[in-house]
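Data first, discussion second: the structure below is written as structure tokens.
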Amino acid sequence: MKIMTNIKKLEAELWESADLLRQGSKLTSSQYCMPVLALLFLRYAFSRFKMVEAEILQSRPSRGGRVMPVEANDFAAKSALFLPLEAQYDYLVNLPANIADAGLKTKDGQDINSLGEAVNYAMQLVEEQSEQLIGVLPKSYTMFADDLLVDLLRIFNNQTIDEVGGDVIGRIYEYFLSKFAKAVASDDGVFFTPKSLVKMLVNVLEPTSGIMLDPACGSGGMFVQTGDFVNQAGLNANTQMTFYGQEKV
């Protein structure tokens, strides 16, 4: 019960902090929504990257007293994203205040002159690690003032996230999505289905094997809840189920 309370408190505190930043900017909820959710995704990817990296290093061979560095293939074998240095969350958090004078460049030799450009480049590097992500992540961070981005990165760098553990970032992502939903729906006609309703639908369907299709899959909540249902039945959703989804946004 204490862990649940901590997660709910964390969700609320992170949202309040992030929303206050939006209110102090000139950005609309629609402009703010996807970039903020992508930062949460990057935070999750980095958390998983560090966890998998530690697992890999435990059995990593060494040569001449030096442990061999981890590689992208090591992460693919564990179904995790490899993150190049410039796409790692703590790298972005610790960038100098005056990025224009830091001499940062992309691998193509392009100058990086702002934190927004650095985050755009990080998203590009993440996309290059998976064909499924190509063209998906936002690269509109130059519309954010650098001081706003600094504050956002620091908010999601909360150590409590790692202390609570589990899929807490997934929960926080869903919480933020539900909070953004009203504004996004009014702008784009896209509606967020509450987690409680999705869970009820899964409990009615009682899936244990076979194929599931969600023709308006959004963030994939139906798949997550179905996976949880199957796993709680003592089965393995990764082997028992095949998931198909499509989404125009």
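The values are calculated or read from the model by the stated rules, or taken from the named source; none is laboratory data. Quantities reported herein were computed from a predicted structural model and do not represent experimental measurements. Every residue, glycine among them, receives a Cβ derived from its backbone with ideal geometry; neighbour counts consider all protein chains shown. For the accessible areas, the whole protein counts, side chains as well, though only heavy atoms, and no ligand, DNA or RNA atoms are used. Shrake-Rupley method; radii C 1.70, N 1.55, O 1.52, S 1.80 Å.
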Tell me, which residue of segment 106-139 that is touching a residue at least 12 places away in the same chain (Cβ under 8 Å) and open to solvent by 70 Å² or more (accessible area, probe 1.4 Å) is farthest from residue 41 (Cα to Cα)?
113
Output the residue which, of all residues in segment 30-67 that are outside any helix (DSSP H, G or I) and of a type in the set (S, T, N, Q), is least open to solvent (accessible area, probe 1.4 Å).
62
With respect to the numbered conditions (1) part of a helix (DSSP H, G or I); (2) under 24 Å from residue 122 (Cα atoms); (3) modelled with pLDDT of 85 or more; (4) in contact with an Asp or Glu (Cβ under 7 Å, 6 or more places away or on another chain), which one is the sole condition not fulfilled by residue 172?
(3)
List the residue pairs whose Cβ atoms are under 6 Å apart, where the first residue sits in segment 165-189 and is under 20 Å from residue 216 (Cα atoms), the second is modelled with pLDDT of 75 or more and of a type in the set (A, V, I, L, M), and the two are 6 or more positions apart or on different chains.
173/40
Among (1) more than 30 Å from residue 18 (Cβ to Cβ); (2) in contact with a strand residue (DSSP E or B) (Cβ under 8 Å, 6 or more places away or on another chain), residue 62 falls short only on (2)
Residue under evaluation residue 215, criteria (1) within 25 Å of residue 169 (Cβ to Cβ); (2) touching a residue at least 12 places away in the same chain (Cβ under 8 Å), criterion not met:
(1)
The residue that is modelled with the highest pLDDT, considering only those in segment 210-239 that are open to solvent by less than 80 Å² (accessible area, probe 1.4 Å) and among the hydroxyl-bearing types (Ser, Thr, Tyr), is 226
Condition set farther than 18 Å from residue 51 by Cβ and among the charged types (D, E, K, R), scope segment 79-105, selection least open to solvent (accessible area, probe 1.4 Å): answer is 86
Here the residues within segment 1-23 that are in contact with a helix residue (DSSP H, G or I) (Cβ under 8 Å, 6 or more places away or on another chain) and open to solvent by 70 Å² or more (accessible area, probe 1.4 Å) are 3
Test result for residue 27, touching a residue at least 60 places away in the same chain (Cβ under 8 Å) and outside any helix (DSSP H, G or I):
yes
